[in-house]
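> Quick one: structure below, then a few questions.
Read-outs throughout are calculated quantities, based only on the coordinates presented, and are distinct from any laboratory measurement. Remember, it's a predicted structure, so these values are computed and weren't measured experimentally. Heads up, the Cβs are rebuilt from the backbone with ideal geometry, glycines too, and the neighbour counts pull from every protein chain shown.
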Amino acid sequence: MSALIPSPAGQPPPVLSTRGTVEGFYGPPWSHAERLAHLEFSARVGLNAYVYAPKNDPYHRARWRHRYPAPDLARLAELAETARALGIRFTYAISPGLSMRFAEEVDYQALTAKAAQLHDAGVDSFALFFDDVPAELTRPEEVDRWPGAGAAGAAHGETCTRFVAEFLAPRGIREPLLVCPTDYAGVEETAYRRRFAATAPPDVVVAWTGHDIVVGEVSRSDIDKASASYRRRLMLWDNFPVNDFEPSRLFLGPLTGRTTELAGSPLVGVLANPMIQAVPSRIPLMSVADWARDPDRYDPAASARRALDAAAGAGAEHLAPLVGVCGSWPPSAEPDAELVRAVADTLAGRPGAAGVLTGRLTGLARACRAAAEPEPLVAALRPWLVAGADMAAAGLAAVRLLDTATADAVEETRRALARAESHYADVLRAVVPPFVREVLDRTGQPDPGPAGQAERHAAGRPARAKGRPVALLVTGERRTAGDEAVAALLGERGYAVCRRHAPGPDEVAAASLVVVTRGADGPAIEAVAHAGAPLLAWHGLVPLGLARHSEVLLARDRVRIVDPADPAAAGLADVVSVYRGPAKLTVAEVGPDAQIVALVVDENRPALFRYPRGARLPDGTVAPAPRVGVFLGADGLAPWLMTADGRALVVAALDACAARGRPAPDAGERPDAVATGPAANRQRGASQPEDLPRVPEVSL
């Protein structure tokens, strides 16, 4: 696409001729002002390309046939003009694949009409994106025209060929077309890639994300294999530092793990997919510019220091600790290896470790509280600065507790942990809270709150405690904030909680209610699958018999109530925000006897459903007691996540599960028809099949 952009006069050409960004994330798009500022930033740091492709712009994707209203078109025209003046290639990407009828001429004409509107407004570079759309053709006329495996590749390739020959060429646009195929990750040849290669223009540049969707490394071998599989040159769509799959986190560190062996490679450029937060994205994006300009001399640590100094100026000193603990990549990497070691050494009692940990956490707390400039960057980082200060305070309280285990110190530590876990913004959540809980557990003092009172029964043999029914909480070995919140809720509803990661037969038989959380493993799920007590779960839905298929969708926070009269609806109706921000949400393909209460917004996929006692379950068995599936994800009822309405739905689902459900439908009778199968257009990385042992994928 922008391979024709020359290097600045007097400078040797960078290794990669196209060095830029693709605004290709899900979630709230950048504002017009943020895009204009991003173009200016790009010009300053040596990025020379920007691709407009925000998933939540309806005219880019969901309503691609519709022309832009005049004000929106004017803003796009200004972006194109500004980019041109700054020496940056502005490319508009159209993403028609969700609904385009590839065999119908009217839809192809709609595609070119949309592009013509933008061309008339001053846009002179285009891309076609077919990412996150159905992998196979399903309409009869399309199957007839393109039969066989990989047919979507053929349809997409032919569309690109027509677009180049009939739209771009007559307007004098000679640059290679950038195309994001549906099969955009991985290195092996597939039927889709073979048929795309046979039908697409020979000079198209394929947007490719690496051996997976979000990757820690990109090797020369991966590049060569992927290029051979497409038989085309590649543009690395680098899903760094994007955070749409987990918006509570920031990725502020430098680019790492990218090959330096690019000479003679089929890689023509890189487009980094930034975070939802535009201003903080500049810190990691500067490292992308450094790597793309000269991979052989790229030093991630030095690039990171320069980036923070350039972005923060005099405020760099106070922002550096937060950037450091939010600097790991890939997302699965430890957030701060040095801090993780200090925590482990402190728990092990190694000499000097507590001092190291205290120093790190004190520095983080002080810096987060002191950060004040530059104002635009600090304003964008404020939720994480506040969360970082409180998380550090919780860790410091735990260090003091190790030294002096008084009742006052225990209470201070609990309060500090509660404050730290009240923030949606995630700073060291995987490191500090487990440390604090381990220290609290070592004190041997029971939690006096509802959670502690509810779980106190867990140490003994399951039995009714003072007439209270027993709730068996099936979870992982490590106690989490989500588990504590569930236990507290169960205690509030009158249960004595028996928390187990490996429940025994007697414990299952004695339970009046079974709750299965994300931490439960296969044997534990199998142990309770046929329990005679009511069962509520958001994990193991397939082996528990509640679903044919289950997935965990990423970056979701709303459900639509479809049966407001159901007791599990909590008296709510219409669209309900269940989380304080986008997070993981469980959905399922349920059986015909399921009473569906809520669907995930934008898809007809059950997120809250129940089976009355006697209902036929998807695995063919009969429910021995009520069964309920709820939308929660890995964090469960964690305090940083739930809204009041979301919690109300869980409470109502719990009460509906424990009470006698509505009668099962008579033979042949079915509830209101709702499409319950997996959506054809599964978002890239937006779902994780629960019944398959896969690493979660994440979106472009």
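> With +1 on the Cβ of every Lys and Arg and -1 on the Cβ of every Asp and Glu, and nothing else charged, how large is the dipole of segment 18-298 about its Cα centre, in debye rounded to the nearest 20?
Dipole of segment 18-298, to the nearest 20 debye: 400 debye.
> Note down the nm distance, to one decimal, between modelled labels 7 Å out along Cα→Cβ at SER219 and at ARG67.
Calculated label separation equals 5.2 nm.
> Residue by residue through segment 529-538, which ³J(HN,Hα) values in whole Hz follow from phi under the Karplus form 6.51 cos²θ - 1.76 cosθ + 1.60 (θ = phi - 60°), with glycine and proline marked x?
Working through the residues one at a time gives 4, 10, 4, x, 8, x, 9, 10, 8, 10 Hz.
> Just checking my list [x] 84, 77, 51; [y] 83, 70, 45; [z] 100, 70, 59 against Cα extents along the principal axes in Å computed from this structure; which label fits?
[y]
> About its Cα centre, how strong a charge dipole does the chain have in debye, to the nearest 20, once Lys and Arg get +1 and Asp and Glu get -1 at the Cβ?
580
> Mind giving me the nanometre distance, one decimal, between the label points for ASP441 and ALA344, set 7 Å out from Cα along Cα→Cβ?
1.7
> For a protection proxy built on the mean count of beta-carbon atoms within 10 angstrom, sort 83-90, 345-352 highest first, please.
Highest-to-lowest ranking by the protection proxy: 83-90, 345-352.
> In whole Hz and in residue order, list the ³J(HN,Hα) couplings for segment 177-191 that follow from phi through the Karplus curve 6.51 cos²θ - 1.76 cosθ + 1.60, θ = phi - 60°; x for Gly and Pro.
6, 8, 10, 9, x, 5, 9, 9, 10, x, 10, 8, 5, 10, 4
> Highest first, please rank the peptides 232-242, 217-227 by the mean number of other Cβ atoms sitting within 10 Å of their residues. Before the final figure, lay out the partial values.
Values: 232-242: 25.9, 217-227: 18.0.
Output ranking for 232-242, 217-227: 232-242, 217-227.
> Still on this structure, please answer the following. If you average 1/r across every pair of different Cα atoms in segment 245-368 and take the reciprocal, what Kirkwood value do you get, in Å?
The Cα-based Kirkwood calculation yields 16.1 Å.
> Which value in nm describes the separation of the simple spin-label points at ARG171 and GLU141, placed 7 Å from the Cα toward the beta carbon?
Output for this residue pair reads 2.5 nm.
> Need one word for segment 544-589: rounded, prolate or oblate. Basis is the Cα gyration tensor (sqrt eigenvalues a ≥ b ≥ c); a/c below 1.5 gives rounded, then a/b vs b/c decides.
Numbers: a/c = 2.67, a/b = 1.14, b/c = 2.35.
It is oblate, given that a/c is not under 1.5 and a/b is not larger than b/c.
> Next question. Quick one: check the C-alpha center-to-center distance for segment 373-388 versus segment 116-171, whole angstrom.
Value for the Cα centre distance between the two parts: 42 Å.
> Taking only C-alpha pairs under 8 Å that are 6+ residues apart, what is the relative contact order of the chain in percent?
Computed over the chain, the figure is 10 percent.
> Next question. Using the Karplus curve 6.51 cos²θ - 1.76 cosθ + 1.60 with θ = phi - 60°, work out ³J(HN,Hα) for each residue of segment 286-299 in order, rounded to whole Hz, and write x for Gly and Pro.
4, 6, 4, 4, 5, 5, 5, 6, 7, x, 5, 9, 5, 10
> Positive end of the dipole of segment 18-298, charges at C-beta (+1 Lys, Arg; -1 Asp, Glu), about the Cα centre: which of VAL206, PHE130, GLN117 has its Cα farthest in that direction?
GLN117
> Follow-up question, since we're still on this one. Can you order the peptides 575-581, 208-214 by their average number of other Cβ atoms within 10 Å per residue, highest first? Could the numbers behind the result be given before it?
Details: 575-581: 19.3, 208-214: 23.3.
Sorting 575-581, 208-214 by mean packing, highest first, produces 208-214, 575-581.
> Looking at the chain, what % of its DSSP beta bridges pair antiparallel, to the nearest 5?
Bridges in the chain are about 35 percent antiparallel.
> Shifting gears a bit: Tell me, what is the FRET efficiency for ARG231 and ALA77 to the nearest 0.05, using R0 = 35 angstrom and their Cβ-Cβ distance as r?
0.45
> Computed FRET efficiency, Cβ-Cβ of SER422 and ALA314, R0 30 Å: what is it to the nearest 0.05?
0.45
> What number, rounded to the nearest 500 deg cm²/dmol, is the helix-based mean residue ellipticity at 222 nm of the chain, given -39500 (n - 2.57) per DSSP H run of at least four residues and division by all its residues?
-11500 deg cm²/dmol
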